[in-house]
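*Asks:* First the structure, then my questions, so here it is.
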Amino acid sequence: MPRSCPCAPLRAARPLALIGPPLVPLLVSALVSTASAHAVLERKEAVPNAAYRGVVQIMHGCDGRPTTRVSVTIPEGVTGAKPMPKPGWTISTVKSAYARPYPSFHGTVSEGVTRITWTGGSLPDEQIDEFTFFARISDAFAPGATIYFPVEQDCTEGSYRWSDVPSEDGTAQALKAPAPAVRIVAARGTASPGTVSPGTAAQAPAAPAAKAGPIAIETPWLRATPGGAKVAGGYVTLRNTGTEPDRLTGAAIPQAGRSEIHSMTTEGGVMKMAPVEGGLALAPGASVALKPGGYHLMFLDLKDGLKAGETVSGTLTFERAGTVPVTFTVAPIGAQAPGTAAPAAAAPDAGGHQHHH
């Protein structure tokens with residue numbers, strides 16, 4: 001796709017563009033997906049009145065020059081935006097009043113972050129990286145709508161403004177610098193005319209339960225990974241049916257060079273993930289669910305990607321029960337459980353991990 005020269009004028013990013021069901025959303029979706037977008041959102045669907053984890057993926061620099069600044073505009077109707085810290089980069093935000101109050105998890109809000117900017121780092125042209133924020137999709141959007149998040153990308157020389165959107169009347173056009181888009185879909189279990197059901201994506205059936213002595217191993221699964229990813233999240237429910245404590249100390253799959261067990265906590269409104277030192281305790285009679293937004297397995301140094309719908313043979317290792325073979329099913333990118341598709345409003349989890357997968 002054409003790239004701007006270092007002297008190219010900067011185009012102003014539109015704060016909000018919305019195209020609803022009457023304006024041929026399927027055509028709009030096709031336009032966005034076929035354009036040569038090199039700043040994209042990993043999660044392309046969201047649910048009204050729910051959380052959304054935005055992961056802006058920067059796919060290249062400016063004519064070989066490294067990227068040093070990434071800025072995303074949070075459109076009207078998307079509230080409570082908070083950036084995820086990124087090693088080597090400094091974060092700044094702009095707060096503005098909303099056009100009207102919106103419901104939130106804690107009452108209503110009338111102002112919030114409308115721009116998030118990462119600066120100070122250096123992303124080489126030949127590498128990709130992700131810039132993550134969390135927000136809430138408000139009741140301003142109904143299934144069938146499309147929201148656009150304009151992105152500015154500056155390099156040591158040159159820049160891009162990923163801010164082009166389809167025309168207001170839905171007319172087809174060539175988008176030279178398309179703004180990352182999110183399509184609003186109905187929550188699972190509801191239907192809405194003109195929307196695509198999340199369940200139409202590739203699905204992986206739940207794996208059968210396994211047993212390691214007194215440890216019941218239920219529903220081990222993985223998330224599919226985007227191209228070039230080096231990290232994958234893994235999940236499983238463990239039940240200690242015995243009278244002695246045990247501890248999950250590790251996991252392995254052939255595609256990964258190593259693995260870690262991680263926890264997720266929220267401190268001061270910031271999501272933090274860290275390795276669980278010494279393994280995950282399993283008390284007698286207790287169960288522990290490793291799931292998105294909580295404890296999870298982190299498979300690192302991936303040699304091969306994981307595709308939705310396939311199964312992966314692996315192992316779980318326990319302090320007392322030893323190493324046990326298990327079969328992981330692979331659910332779509334962003335899925336919240338095996339056998340489901342990927343709602344964009346999923347809770348924060350390993351997908352936004354600081355290992356940049």
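The values are calculated or read from the model by the stated rules, or taken from the named source; none is laboratory data. Owing to the predicted nature of the structure, the values given are computational and were not obtained by experimental measurement. Note that each Cβ is placed from the backbone with ideal geometry, even for glycine, and that neighbours are counted across all protein chains shown. Just so you know, the surface numbers come from the protein's heavy atoms only, side chains and all, with ligands and any DNA or RNA stripped out. Shrake-Rupley method; radii C 1.70, N 1.55, O 1.52, S 1.80 Å.
*Asks:* Under a crude label model (7 Å from the Cα following the beta-carbon direction), how far is Glu244 from Glu157 in nanometres?
*Replies:* Each label point is offset 7 Å from its Cα along the Cβ direction, giving 6.7 nm.
*Asks:* Ok, one more. Work out, step by step, the length gained on full extension between Thr90 and Glu310: first 0.36 nm times the residue separation, then minus their alpha carbon distance; give nm to one decimal.
*Replies:* Between Thr90 and Glu310, full extension yields an extra 75.3 nm.
*Asks:* In square angstrom, rounded to the nearest 10, how much accessible surface does Glu267 have for a 1.4 Å probe?
*Replies:* Per-residue accessible area (Glu267): approximately 100 Å².
*Asks:* Please arrange Lys272, Lys95 by accessible surface area, largest first, computed with a 1.4 Å probe and ligands excluded.
*Replies:* Lys95, Lys272
*Asks:* Using a 1.4 angstrom probe and counting only protein chains, how large is the accessible area of Thr265 in Å², to 10?
*Replies:* 60
*Asks:* Arg320 label point, 7 Å along Cα→Cβ, cut-off 13 Å on backbone N: hits in the stretch 237-262?
*Replies:* 239-248
*Asks:* Going by Cα centres, the stretch 290-334 and the stretch 87-156 are how many Å apart?
*Replies:* Spelled out, the Cα-based centre of one part sits 31 Å from the other.
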